[in-house]
Amino acid sequence: MKSSFVTSEMRKIRWRYRITVIGAMAIYVLLVSIISGGLGWGPPSSGFVLYLAALSPALPIGAVVYALGRYLIDEPDEFFRMVQIQTALLATGLTMIICTAWGFLAMCGHISEYRVIGLVFRTWFFFFGVAA
């Protein structure tokens with residue numbers, strides 16, 4: 001049986017995970033604020049810069065997914081690793097339920113369809129926090 005003692009390596013791994021997620025989410029919020037006009041700038045109506053601006057929030061989301069995967073590989077404590085896996089599974093399941101319901105409501109014409117794209121990661125991240 002492993003000791004519940006937290007080593008400096010464990011602290012380093014968990015600190016790196018937290019800093020990566022917090023930094024990536026700060027960049028995500030900044031990018032979304034910029035491209036939605038919240039900081040006084042809106043994306044151009046056409047051209048390469050429009051596509052670059054529209055795709056830019058996906059990069060910090062990728063960083064969060066990478067950080068979680070790296071954490072799951074590096075975490076030496078099986079209990080903490082299993083808790084994170086269960087948390088991610090619950091968040092994924094709840095997000096799939098919400099997005100499926102949203103899709104069928106949109107198909108029936110009762111709500112707008114385009115917003116679900118932006119809600120997927122935010123919904124998953126919300127449920128990840130609730131599950132944790």
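Computed from the coordinates by the stated procedures, all read-outs in this text should not be read as laboratory data. Note that the coordinates shown come from a computational prediction; the quantities given were computed from them, not determined experimentally.
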**Prompt:** Taking θ as phi - 60°, what are the ³J(HN,Hα) couplings along the range 54-62 by the Karplus curve (6.51, -1.76, 1.60), each to the nearest whole Hz, with x for Gly and Pro?
**Reply:** 5, 8, 4, x, 6, 5, x, 5, x
**Item:** Alpha-carbon Debye profile of the range 43-93, log10 I(q)/I(0) at 0.13, 0.31 Å⁻¹
**Value:** -0.48, -1.10
**Complete:** Over the chain, the sum of -39500 (n - 2.57) across DSSP H runs of at least four, divided by residue number and rounded to 500 deg cm²/dmol, gives at 222 nm -26000 deg cm²/dmol
**Request:** Just the number, please: Stokes-Einstein D of the range 15-132 in µm²/s, Kirkwood Rh from C-alpha pairs, 4 °C, 1.567 mPa s.
**Result:** 81 µm²/s
**Complete:** Karplus ³J(HN,Hα) for the range 66-74 (6.51 cos²θ - 1.76 cosθ + 1.60, θ = phi - 60°; Hz, whole; x = Gly/Pro) runs 4, 4, 5, x, 5, 4, 5, 6, 7
